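Student: For reference, the structure I am asking about is given below.
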Amino acid sequence: MPHPAQQNDLHLPRKLVLEKVKNKDPAHRFGSPDDRQPEQMILVLDPETGKTWGFVVVDNTRRGPGLGGIRVAPDLTLMEVRRLAHAMTLKNSAALLPFGGGKSGLIVDPVNLNTHPGMKRDLIGLFAEALFEIDSYITAPDMGTDEKVIQQIYEIYSERLNTPHHLRGGAGRPPQNGGIPIDDWGLTAHGVVAAIKTVEAMDATFTLKGARVVIQGYGNVGAPTAGKLQQAGALIVGASDIHQALWNSRGLDVTELNRARSGPKGLAKYSGTTEKSFPPQNLDWLLEAPCDILIPAARPDAITARNADRIQCRMVFQGANAPSNKMTEYYLQNHRGIISYSDFIVNVGGVMGCAVELKMNIDSEYKNKVLATGEEGRPYLENLISKTISNNVKTIYQGMAQGDGSDAIFRDEALKLAEECLANPRRIQL
Ligand code: NAD
């Protein structure tokens with residue numbers, strides 16, 4: 001019987017090694033401070049064939065080691081990882097966490113990997129051995145990876161470091177191993193909803209009750225966000241995953257969406273009523289559907305110049321990382337009256353969970369304080385996330401209101417806030 005790798009035309013390397021990318025990138029000559037150079041950009045290579053299997057970017061370590069997820073995607077690029085690593089710097093800074101920004105990833109189809117657990121374990125093992133050389137990067141889950149992957153890496157590091165308690169091996173581990181169940185508790189969704197509620201409290205013309213919501217990417221961020229918003233009285237009129245995009249102006253059935261999500265064909269097996277339903281080649285139609293709140297919660301670049309003219313929402317809350325870019329957000333806010341609430345402000349719930357987990361792992365007094373709030377610390381975290389995001393959204397809003405009448409957008413004020421926090425690494429909450 002052929003090795004699973006051969007069945008999938010995916011031949012695992014014997015070893016993975018790191019190679020620093022020499023910076024020939026002209027971005028620094030044309031870009032804004034927002035896209036300043038990362039500290040390290042690294043290729044992860046098979047030394048025998050020279051094939052690139054992945055990337056690691058350590059963006060900035062001024063506040064601490066770069067903390068950010070491992071993404072597994074067939075079309076992953078160094079540029080994507082670099083943007084995501086930079087977003088982690090801004091995110092960890094704005095949330096006043098003692099961590100910098102980093103990100104890594106493998107160029108592999110996660111569906112392929114998940115159907116061959118042995119091959120997945122081998123590849124993650126090789127990746128972990130290579131990552132160990134970078135002591136300024138801490139892993140976490142991202143699209144295509146989960147708590148088991150992080151636990152595997154953590155154990156490899158434990159062996160190398162000869163201790164079961166360390167900061168280096170990653171956060172977002174299984175609860176039975178001392179991790180915080182970030183996705184099961186819907187911590188990122190909790191934060192996205194906290195941001196929406198903060199806007200509701202400040203904007204007399206907007207109420208969540210009856211608001212129409214579209215969610216692109218019905219996954220670990222999108223699905224619990226839908227549930228929480230529905231509980232708050234909103235109507236989920238659109239939802240999509242990689243299999244199907246669904247639309248019903250009278251509202252989709254969230255219970256049925258969640259049932260369909262758990263199956264292999266995802267939302268393609270939704271059996272509730274729809275007015276429109278789109279197959280994989282037309283998923284992006286949903287981004288242009290009429291609604292009050294649009295939540296991109298899938299891959300980068302959902303909203304760009306290609307569709308900015310056709311977006312029909314009132315506001316965008318960036319559940320995903322880098323779902324848009326500054327130029328598009330400028331156009332949306334100043335020409336279409338649509339505010340896009342930046343990823344590094346609204347989707348920090350997950351990384352805050354990671355930061356708390358890391359601190360609990362090495363500080364028993366802090367651990368006791370968190371656990372004393374009951375239910376294994378969930379109220380502590382939800383409170384911390386709501387407070388952080390709400391304060392940041394209010395500060396940014398005030399900054400925009402007090403502006404000099406220029407056309408500064410939400411992202412400009414959000415960047416100012418994150419840069420101030422980055423410049424003051426001693427300001428830490430936890
Ligand atoms: P996930 O893999 O659980 O869910 C992603 C969903 O998007 C899946 O349902 C997938 O089918 C769908 N999808 C992929 N491409 C799509 C497309 N073109 N159109 C519509 N749907 C598509 O991932 P997740 O953890 O929910 O993360 C989603 C995004 O949020 C990512 O950008 C991630 O980096 C970001 N994020 C996640 C967290 C977290 O705590 N999970 C925290 C912060 C940011």
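Student: In terms of solvent-accessible area of protein heavy atoms at a 1.4 angstrom probe, what is the ranking of Thr273, Thr388, highest value first?
Tutor: Largest accessible area first, the residues go Thr273, Thr388.
Student: On the protein heavy atoms, probe 1.4 angstrom, tell me the percent of accessible surface of the chain carried by carbon and sulfur.
Tutor: The C+S portion of the solvent-accessible surface of the chain is 50 percent.
Student: Considering only protein heavy atoms, with the full assembly of protein chains and a 1.4 angstrom probe, order Met352, Met143, Met41 by accessible area, largest first.
Tutor: Greatest to least solvent exposure: Met143, Met41, Met352.
Student: Can you name the helices of the chain, as whole DSSP H runs, whose Cα span along the helix axis is 15 Å or more and whose Kyte-Doolittle mean is not below 1.0?
Tutor: 187-202
Student: Can you give the calculated 222 nm mean residue ellipticity of the chain, where each DSSP H run of n ≥ 4 adds -39,500 (n - 2.57) and the sum is split over every residue, rounded to the nearest 500 deg cm²/dmol?
Tutor: For the chain, the value works out to -12000 deg cm²/dmol.
Student: Compare the peptides 237-245, 279-287 by average per-residue count of other Cβ atoms within 10 angstrom and give them in order, highest first.
Tutor: With the highest mean Cβ count within 10 Å placed first, the list reads 237-245, 279-287.
Student: Could I ask something else about it? Keeping every protein chain present and rolling a 1.4 Å probe, give me the accessible area per residue for the chain in Å². Please report the intermediate quantities before stating the final value.
Tutor: Values: 18600 Å² over 430 residues.
Roughly 43 Å² per residue, with all protein chains present.
Student: Checking the a/c ratio against 1.5 first, then a/b against b/c, what shape does the Cα gyration tensor give for the chain?
Tutor: Details: a/c = 1.41, a/b = 1.23, b/c = 1.15.
Rounded, since a/c falls under 1.5.
Student: Tally the DSSP beta bridges in the chain and give the antiparallel ones as a percent, rounded to 5.
Tutor: Once the DSSP bridges in the chain are tallied, antiparallel ones form about 50 percent.
Student: Still on this structure, please answer the following. Name the residue farthest towards the positive end of the dipole of the chain from the options Trp285, Asn307, Thr255, assuming +1 on Cβ of Lys and Arg, -1 on Cβ of Asp and Glu, about the Cα centre.
Tutor: Comparing the listed Cα positions along the dipole, Thr255 ranks first.
Student: Give the percent of DSSP beta bridges with both residues in the range 54-171 that are antiparallel, rounded to the nearest 5.
Tutor: Percentage antiparallel, nearest 5: 45.
Student: Contact order normalised by length for the chain, with contacts defined as Cα pairs under 8 Å and 6 or more residues apart; what percent is it?
Tutor: 14 percent
Student: Still on this structure: In debye, nearest 20: dipole of the chain around its Cα centre with unit charges on the Cβ of K, R (+) and D, E (-)?
Tutor: The dipole magnitude comes to about 220 debye.
Student: Related question: Can you tell me how the range 148-284 classifies by the Cα gyration tensor, rounded, prolate or oblate, using a/c under 1.5 as the rounded cut?
Tutor: Verdict is oblate for the range 148-284.
The values are calculated or read from the model by the stated rules, or taken from the named source; none is laboratory data. Computed from a prediction, not measured in an experiment: that's the story for all the values here. Neighbour counts run over all protein chains shown; Cβ positions are idealised from the backbone, glycine included. Accessible surface is based on the protein model in full, side chains and every heavy atom, while ligands, DNA and RNA are left aside. Shrake-Rupley method; radii C 1.70, N 1.55, O 1.52, S 1.80 Å.
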